[in-house]
Amino acid sequence: MPIALITGFAPFGGASVNPSAEVAKRLEGRRIGAWEIRAAILPVHHLSAASAVQALLREHDPVAIVHLGLAAERAQIALERVAINVMDYSMPDNEGFQARDEPCVAGGPAAYFSTLPLRSMLDAVRGAGAPAYLSTTAGTYLCNFVMYTTLHVLAARREPPRAGFVHLPLLPSMVAPDDPHQPSMDLGLMLRGVEAALEAAAAAATGRP
């Protein structure tokens with residue numbers, strides 16, 4: 001059975017949980033459409049994350065890769081269109097590294113576009129009752145880095161798998177009590193939205209409507 005690789009990130013920035021990891025763990029071993037889902041949690045450090053992704057690609061040889069990550073300021077599930085060749089961190093990663101105006105890949109293209117069927121995925125997420133939108137920036141932190149470097153590696157393949165990135169909001173439990181305006185989303189709703197996105201991507205891969 002074809003494998004789709006889903007990744008989330010470990011907690012960072014002092015948090016004890018990361019919704020991207022929680023969603024990914026709940027998808028492990030599931031069958032969605034014609035795909036078997038394999039999930040992994042990436043470390044919050046650029047070199048370690050890139051090495052982990054390359055090892056996962058070798059191990060699973062997936063037909064699709066959907067990276068998940070946290071965007072604390074987002075109120076909706078965000079399907080990312082593009083990753084840019086820039087690392088410029090607003091905070092240190094879990095190894096204490098804080099990039100400033102550095103390339104993700106020295107000499108690499110300025111940007112890569114997601115190769116996932118974003119429009120059909122967006123319609124599916126909204127149809128499942130989860131608010132979502134197409135985003136034109138994956139930021140300049142680890143999420144953007146992982147999207148960019150994954151697409152950079154895959155660009156060298158003759159028939160690369162489809163790949164891209166989806167940002168998730170905070171969980172309600174992560175919102176500070178003194179910041180009631182901070183957006184969040186229930187984990188069950190996030191999971192339902194990501195499942196719907198994967199169903200749409202799997203259907204597109206097999207040519208089903």
In deg cm²/dmol and to the nearest 500, what is the mean residue ellipticity at 222 nm of the chain if only DSSP H runs of at least 4 residues count, each as -39500 (n - 2.57), divided by the residue total? -10000 deg cm²/dmol
With a 1.4 angstrom probe the carbon and sulfur portion of accessible area for the chain, in percent, totals 52
First select every other residue whose beta carbon is under 15 angstrom from the beta carbon of ARG81; then total the charges, Lys and Arg +1, Asp and Glu -1. +2
So, over other residues within a Cβ distance under 14 Å of MET1, counting Lys, Arg +1 and Asp, Glu -1, the net charge is +1
Sorted largest first, the C-alpha extents of region 157-200 along its principal axes in whole angstrom are 52, 20, 12
Based on the alpha carbon coordinates of region 104-162, what radius of gyration and maximum Cα-Cα distance (Dmax) apply, in Å? 13.5, 42
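Against the 2.2 N^0.38 Å scaling, with N counting residues, where does region 1-104 land? I'd like the Cα-based Rg ratio to two decimal places. Mind dumping the intermediate values first?
Numbers: Rg = 14.4 Å, N = 104, 2.2 N^0.38 = 12.8 Å.
Compactness ratio reported: 1.12.
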Longest DSSP-loop-exposure-free segment, trypsin sites (Lys or Arg not before Pro), the chain, at most 13 other Cβ within 10 Å: 1-99
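Please report the projected area of the chain's Cα convex hull averaged over all directions, in nm².
11.2
Can you give the accessible area per residue of the chain, in Å², using a 1.4 Å probe? Please report the intermediate quantities before stating the final value.
Details: 9370 Å² over 209 residues.
Using a 1.4 Å probe on heavy atoms only, each residue of the chain averages 45 Å².
The values are calculated or read from the model by the stated rules, or taken from the named source; none is laboratory data. Just so we're clear, the structure is a prediction, and the values are computed from it rather than from any experiment. Cβ atoms come from the backbone with ideal geometry, glycine included; neighbour counts cover every protein chain shown. Ligands, DNA and RNA are stripped out before the accessible areas are found, and what is left, the full protein with its side chains, is counted by its heavy atoms. Shrake-Rupley method; radii C 1.70, N 1.55, O 1.52, S 1.80 Å.
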